[in-house]
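To start, the structure under review is shown below, and the notes come after it.
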Amino acid sequence: MHIHFLGTSSGVPSQTRNTSSSAISFDKTKSWVMVDCGEATQHQLQKSSLSFFHLDVICISHVHGDHCYGLPGLLSSMAMNGKKISSSSHRT
């Protein structure tokens, strides 16, 4: 398992750190999981080795803007590039 930090600056992004987003990838598969999706996450993905075509799950830890405002743009980009998107919501 590998953790990729796509953004670690929470509510106050800087020139070198974007808002919250992390990815968890696995050794024996191309599938990966995203935890939070702050603004500019899709730009950070373009700089990484991860492909949203292999993104299986997006988990949002809580609904503050710095953790979820990147979600609409990411989902739109994924859909425009042919990724099939399904929606499921679980609250624990």
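The values are calculated or read from the model by the stated rules, or taken from the named source; none is laboratory data. What you are looking at is a predicted structure, and each value in this text was computed from that prediction instead of being measured. Note that we place each Cβ from the backbone using ideal geometry, even for glycine, and neighbour counts take in every protein chain shown. All accessible areas refer to the heavy atoms of the entire protein, side chains included, with ligands and DNA or RNA removed. Shrake-Rupley method; radii C 1.70, N 1.55, O 1.52, S 1.80 Å.
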Name the single residue, out of those in the stretch 38-68 being open to solvent by 40 Å² or more (accessible area, probe 1.4 Å) and charged (D, E, K, R), that is nearest to residue 19 (Cα to Cα). 39
Does residue 8 satisfy the condition of being within 18 Å of residue 62 (Cβ to Cβ), touching a helix residue (DSSP H, G or I) at 6+ places or on another chain (Cβ under 8 Å) and at pLDDT below 95? no
Out of the residues in the stretch 1-18 that are surrounded by 12 or more Cβ atoms within 10 Å (Cβ to Cβ) and not in a loop (DSSP other than H, G, I, E, B), state the one that is nearest to the chain's Cα centre (by Cα). 6
Please state which of the following conditions residue 71 fails to meet, knowing it meets all the rest: (1) surrounded by fewer than 12 Cβ atoms within 10 Å (Cβ to Cβ); (2) in contact (Cβ under 8 Å) with a residue 24 or more places away in the chain; (3) within 18 Å of residue 10 (Cβ to Cβ). (1)
Please work out which residue is most open to solvent (accessible area, probe 1.4 Å), limiting yourself to the stretch 19-37 and to residues that are more than 18 Å from residue 75 (Cα to Cα) and in a loop (DSSP other than H, G, I, E, B). 28
Restricting to the stretch 2-57, name every residue that is on the phi > 0 side of the Ramachandran plot and either of a type outside the set (S, T, N, Q) or in contact (Cβ under 8 Å) with a residue 60 or more places away in the chain (or both). 36, 40
